[in-house]
Each structure stands twice: as structure tokens, then as C-alpha cells.
Amino acid sequence: MGTDSRAAGALLARASTLHLQTGNLLNWGRLRKKCPSTHSEELRDCIQKTLNEWSSQINPDLVREFPDVLECTVSHAVEKINPDEREEMKVSAKLFIVGSNSSSSTRNAVDMACSVLGVAQLDSVIIASPPIEDGVNLSLEHLQPYWEELQNLVQSKKIVAIGTSDLDKTQLEQLYQWAQVKPNSNQVNLASCCVMPPDLTAFAKQFDIQLLTHNDPKELLSEASFQEALQESIPDIRAHEWVPLWLLRYSVIVKSRGIIKSKGYILQAKRKGS
């Protein structure tokens, strides 16, 4: 493992961008034996296993090339959707903005998800509330740049429907009134409210917005947690130099049977100062 780790460390020391994709987690035999208790644990586990597997299979030619963008993936877990079966599948994603204040992250994430899954379009994308400073309330201004990019992706037929997460009635109403492409869903965290707020329910019903539930933590992936996973997998690296920009979790469901055919994570990280 030492040599693999050194090669991976050398590549990461020279690269400026890291694209990590887990492939279909249902193909990860080893991951299934251990059931992580939270989404954050599952994600960290996936990041480490993907890094370990990738670093053990580095092509010597890659070390000679020192690419600026590193594609870190596990080839046996990658699974594209068969074009003949595309109509039978619903492809959904949830996008978490982690350390980026650039709305182009939204387009990058959607483009990469389409490429990974071999599809031209995602059926649904929900955006988690972007990170804001402590003590600051989420406002329409925080959401607008990301929503504008999502609207562009709907208009260019990259996404069919777009939704939000953890907006209260006032926030959802403000977004709805301003947006050209209206949100078709809003996720509510049941850990923070056992019963849907009546004002939110009434507004959603009036404007035909689906209210869904989720149990994601407020911060699914922190900068520190990503750096720890990186350091544990590849000790020969300055992990503190790497910052995750965004994370996308996708699922592919067989419409007629409601079963999950595929699910996984994709993330982009950047090296500070590169």
C-alpha cells in the first residue's frame, strides 16, 4: 500500500482538481457488509474506499503525465444506464454545495452526473441550502445564483424538474414568486419538525409543490471530514490543501417497480492556491 499511496500522493501534489465518483454503491460488495448508521458515515466510508481502490490501481503512465485534473473512480463499480432502458428509469439527484461560492458548480455537477450515468438529462435535481455564515438566515439572495443556473439547465433540457430543501413557507414563497422555473418540490427534514408546518403545507398545496421528507444532516460533508478521509487513505499528502467544492448524490429507480437500480456519489475538490 505504501507505493500506491506514494504514487497517489505525488499525483495529488501536482493536480489542481479532483473528481471522485464512487460508481454504483450496490456493486460494492465490501461496503454492504458494514451498514453505516448515518449518511455522513456512509459518505466518508465511500470516499475512503474509492480513494484506496483508485490508489491501488494507478497506471504508471499517469504518474509520468501528472494530469491537472485527477479522475478518481473504481472501474468495476461504474455503471451507465442502458439507453434502451432509459424510459423505464427515474434519475434523481441532490446537490450539496460545500466550499464553492460559484454557481458554475451547479452546471459542473449536472454535466458530470449525466456523463457518469450515460444520460442526456436528469429527471429531478434538488439543491440543498447553500452554506452560509453562522447566525445568518438563508435569504433569496443566497439561493438566486444557484437557482438561475438550475433554470438554465432546465431550459437547455439537461434537467426536467428542480426542487429545494429545508425552505420554510416564507423562503419558498419568495423563491416561487421570483423564479422563472418554479420549484416542483421542497424537502423537509423530519428531525427538525415531526409534523409538516401547516402554512408550508397550505402554500405547497395551492401551488402544486410536492413536500418530501429527508434525513440528511445540516452538513453532509465538511471540509475537515473530507480532509481526514483523504489523509487516512493517502498519508503522503497535504490533505489540508484540498477543499471539496460540491457533492452530488444520485439514485436511479425503476419506475414500474419502485426499486433502486443504482445509487452513488460524485464530488469535486480543488487544491488551494492552484
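The values are calculated or read from the model by the stated rules, or taken from the named source; none is laboratory data. These numbers come from a predicted model, not from an experiment. As a convention, Cβ positions derive from the backbone with ideal geometry for all residues, glycine included, and neighbour counts pool all protein chains shown. Keep in mind that these areas ignore ligands, DNA and RNA; they rest on the heavy atoms of the full protein, side chains included. Shrake-Rupley method; radii C 1.70, N 1.55, O 1.52, S 1.80 Å.
For the range 61-187, the average shadow cast by the Cα convex hull is 10.3 nm², which is a quarter of the hull's surface. Think of it as helices only: each DSSP H run of n ≥ 4 in the chain is worth -39500 (n - 2.57), and spread over all residues that comes to -11000 deg cm²/dmol at 222 nm.
When all protein chains stay in place and ligands, DNA and RNA are ignored, the 1.4 Å accessible-area order of 39, 76, largest first, is 76, 39. Note on residue 178: accessible area is roughly 80 Å² with a 1.4 Å probe, heavy atoms of protein only.
Rolling a 1.4 Å probe over the protein heavy atoms gives the range 15-146 an accessible area of 48 Å² per residue. Note on the range 128-240: Cα-Cα pairs beyond 24 Å make up 37% of the total pair count. Once neighbouring chains are kept in place and the probe is 1.4 Å, which whole percent of the accessible area of the chain is contributed by carbon and sulfur? The C+S portion of the solvent-accessible surface of the chain is 49 percent. A 1.4 Å probe, protein heavy atoms only, puts the accessible area of residue 250 near 10 Å². Between the exposed loop cleavage positions of the chain, defined as trypsin sites (Lys or Arg not before Pro) in a non-H, G, I, E, B DSSP state with at most 15 neighbouring beta-carbon atoms within 10 angstrom, the longest gap is 81-156.
Along the range 118-125 the Karplus relation, 6.51 cos²θ - 1.76 cosθ + 1.60 evaluated at θ = phi - 60°, assigns HN-Hα couplings of x, 10, 8, 8, 9, 6, 8, 10 Hz to successive residues, with x for each Gly and Pro.
Below 8 Å between Cα atoms, with a sequence gap of 6+, how large is the relative contact order for the chain in percent? List each step's numbers first, then the result.
Working: 470 pairs, mean separation 78.1, N = 274.
About 29 percent, as a whole number.
Computing Cα Rg over 2.2 N^0.38 Å for the structure here picks out one of [x] 1.03; [y] 1.54; [z] 1.82, namely [x].
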